[in-house]
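The values are calculated or read from the model by the stated rules, or taken from the named source; none is laboratory data. In this text the structure is predicted, and so the values were computed from the model without any measurement. Cβ coordinates were reconstructed from backbone atoms using ideal geometry, including for glycine residues, and neighbour counts include every protein chain displayed. SASA here: full protein model, heavy atoms, side chains in, ligands and nucleic acids out. Shrake-Rupley method; radii C 1.70, N 1.55, O 1.52, S 1.80 Å.
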Amino acid sequence: MITVYSELHKLHHGRGEWMAGQLVPVFEMPRRAEIILSRVQEVRLGEVIGPQEFGLDPILRVHSPNYVRFLQTAWAEWSKLGRTHDALPYAWPVRRMNQGLEPQQIDARLGFFSFDAASPITPGTWTAVASSANVALTAAEQVRGGSRAAFALCRPPGHHAAQDYMGGYCFLNNAAIAAQYLRDQGAERVAILDVDYHHGNGTQAIFYPRADVLVVNLHADPRVEYPYFLGHADERGEGAGEGYTLNYPMPWGTEFPAWMERLEHACRQIQAYGPEVLVVSLGVDTFRGDPISQFRLESPDYLRVGERIARLGRPTLFVMEGGYAVEEIGLNAVNVLQGFEDTA
Ligand code: OKP
Ligand code: ZN
């Protein structure tokens, strides 16, 4: 299968994120994408191509104009004040505060357009996140053009970003932008299967009232795990979208057999929905060795994951999300793709 990759991801390199009361080096680093790319090349998965430029239109089909404007201008506003460290928020408009009035000052804007302090903005962030969206869109075009599958080697990831907020290392929701693009290009029904360890709260929020995009999440229980405030089993969509959001929260320590049971159930729901295209939000932070996660999948298990997804028999777009065991991220992610490729 073809991989789409852009070097521009390197322009986004945050220095620090909050963890356990300290500013620590960010886990979401450029080396992640480089290791995945080397593994793609090592196993000769297929051709590696650069992204085409799709402009703002497909991004604005998912994200609000004021949020996109914020992302484009945040670094300039921040550095205008003489600041040189990463831009991070420290105040948020929570319950019973005014969430209707977009603030002017950059510190207020950072809080207004985010839900955590895990998404540092740096000088090259906009260029990198726009290229990441173009990577997903270019891979979507491959699938639309008749390829059985394509791999969008996106970085930064996207599934925590909603219509109008960033969070969890995510700024633009690459998978959602690609899914919406596929809808706009004529696919009647699209399914998104999110296998990242963390709940894809942004993707869920974007499609929550809709029946034309089925969103299925397998993830650590938000009662004990980030992103904490979305992804519970009883969230099933609203209005016309009722029944088209499915959540499979699992406890810390979940091993592959239990995880695979959920995947099996999820795949049967996807099969019943009958999507024209499948988008997989591919995170491999379910790995036993992941430094910020608590599931226990092993490297060979990812081959089985790819095989099961292949048996859905749908044109499939893989969009890279998380995975922080950097030395093993290439092996684990590409195992999913090889498991898929090796299954008829
Ligand atoms: C992004 B993705 C605290 C540790 C966790 C954010 C995790 C984001 C995960 N600093 N903070 O879903 O892999
Ligand atoms: Zn994750």
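If Lys and Arg each add +1 and Asp and Glu each add -1, what is the summed charge of the other residues whose beta carbon sits under 13 Å from the beta carbon of Arg223?
Result for the local shell: -4.
Given a Förster radius of 25 Å and the C-beta distance between Glu42 and Arg268 as r, what FRET efficiency does 1/(1 + (r/R0)^6) yield to the nearest 0.05?
0.15
Taking amide H positions as placed 1.01 Å from N in the peptide plane, with prolines and chain starts having none, which residues 5 or more places from Leu214, or on another chain, fall under 5 Å of its amide H?
Val190, Ala191, Ile192
What is the helix-to-structure angle for 30-42, meaning the angle in degrees between its Cα long axis and the longest Cα principal axis of the chain, kept from 0 to 90 and rounded to the nearest 10?
Tilt of helix 30-42: around 20 degrees.
Can you give the angle from 0 to 90° between the axis of helix 301-310 and the longest principal axis of the chain, with both taken from C-alpha atoms, to the nearest 10?
80
For the chain, what does -39500 (n - 2.57) per DSSP helix run (n ≥ 4), summed and divided by total residues, give at 222 nm, in deg cm²/dmol to the nearest 500?
So the calculated ellipticity at 222 nm is -11000 deg cm²/dmol.
How far apart, in nm, are the 7 Å Cα→Cβ label points at Gln99 and Glu242?
2.2
Kindly write out, for segment 225-233 in residue order, the coupling ³J(HN,Hα) from the Karplus curve 6.51 cos²θ - 1.76 cosθ + 1.60 (θ = phi - 60°), rounded to whole Hz, with x marking Gly and Pro.
Residue by residue, segment 225-233 yields 9, 3, x, 6, 9, 7, x, 7, 4 Hz.
Anyone know which of Asn201, Asn173, Asn66 comes out most mobile in the 10 Å Cα GNM of the chain?
Of Asn201, Asn173, Asn66, the Gaussian network model singles out Asn66 as fluctuating most.
Specify whether the C-alpha gyration tensor of segment 148-274 places it in the rounded, prolate or oblate class, a ≥ b ≥ c being the square roots of the eigenvalues: rounded for a/c under 1.5, otherwise prolate if a/b is larger than b/c and oblate if not.
The shape class here is rounded.
Which percent of the accessible area of the chain is formed by carbon and sulfur heavy atoms (probe 1.4 angstrom)?
51
How long is the gain from Thr127 to Arg15 if the chain were fully straight, where each residue apart is worth 0.36 nm and the alpha carbon distance is subtracted?
The span from Thr127 to Arg15 would gain 38.6 nm if fully extended.
Set the Förster radius R0 to 22 Å, insert the Cβ-Cβ distance between His232 and Ala211 as r into 1/(1 + (r/R0)^6), and round the FRET efficiency to 0.05.
After rounding, the FRET efficiency stands at 0.60.
Could you calculate the contour length gain from Thr343 to Arg61, that is, 0.36 nm times the residue separation minus the distance between their Cα atoms, to one decimal place in nm?
Gain on extension, Thr343 to Arg61, equals 98.1 nm.
Using alpha carbons only, how many degrees (0 to 90, rounded to 10) separate the axis of helix 65-79 from the longest principal axis of the chain?
Helix 65-79 and the main axis of the chain meet at about 60 degrees.
Select from Asn332, Asn217, Asn98 the residue whose mean-square fluctuation is largest in a Gaussian network model of the chain (Cα-Cα springs shorter than 10 Å).
Asn98
Across bins of 5 angstrom width beginning at 0, how are the C-alpha pair distances of segment 6-109 distributed, in whole percent?
Percent of Cα pairs in each bin: 2, 9, 12, 15, 18, 18, 12, 7, 4, 2, 1.
Given the Cα-Cα distance of Glu298 and Glu188 and 0.36 nm per residue of separation, how much length would full extension add, in nm?
36.0 nm
May I ask you to list the residues of segment 84-120 whose amide nitrogen lies under 15 Å from a point 7 Å from Cα along the Cα→beta-carbon direction of Arg69?
Residues passing the 15 Å test: 101-106, 109-110, 113.
Is segment 202-321 best put as rounded, prolate or oblate by its Cα gyration tensor, with a ≥ b ≥ c the root eigenvalues, rounded for a/c under 1.5, and otherwise prolate when a/b is larger than b/c, oblate when not?
Oblate, since a/c reaches 1.5 and b/c is not below a/b.
If you look at just the Cα atoms of the chain, how large are its Rg and its Dmax in Å?
Values for the chain (Cα only, Rg and Dmax): 18.5, 57 Å.
Accessible area per residue for segment 118-173 in Å², computed with a 1.4 Å probe and the full protein assembly in place, what is it?
Accessible area per residue, segment 118-173: 19 Å².
What whole-number value in Å² describes the accessible area per residue of segment 193-344 for a 1.4 Å probe?
35
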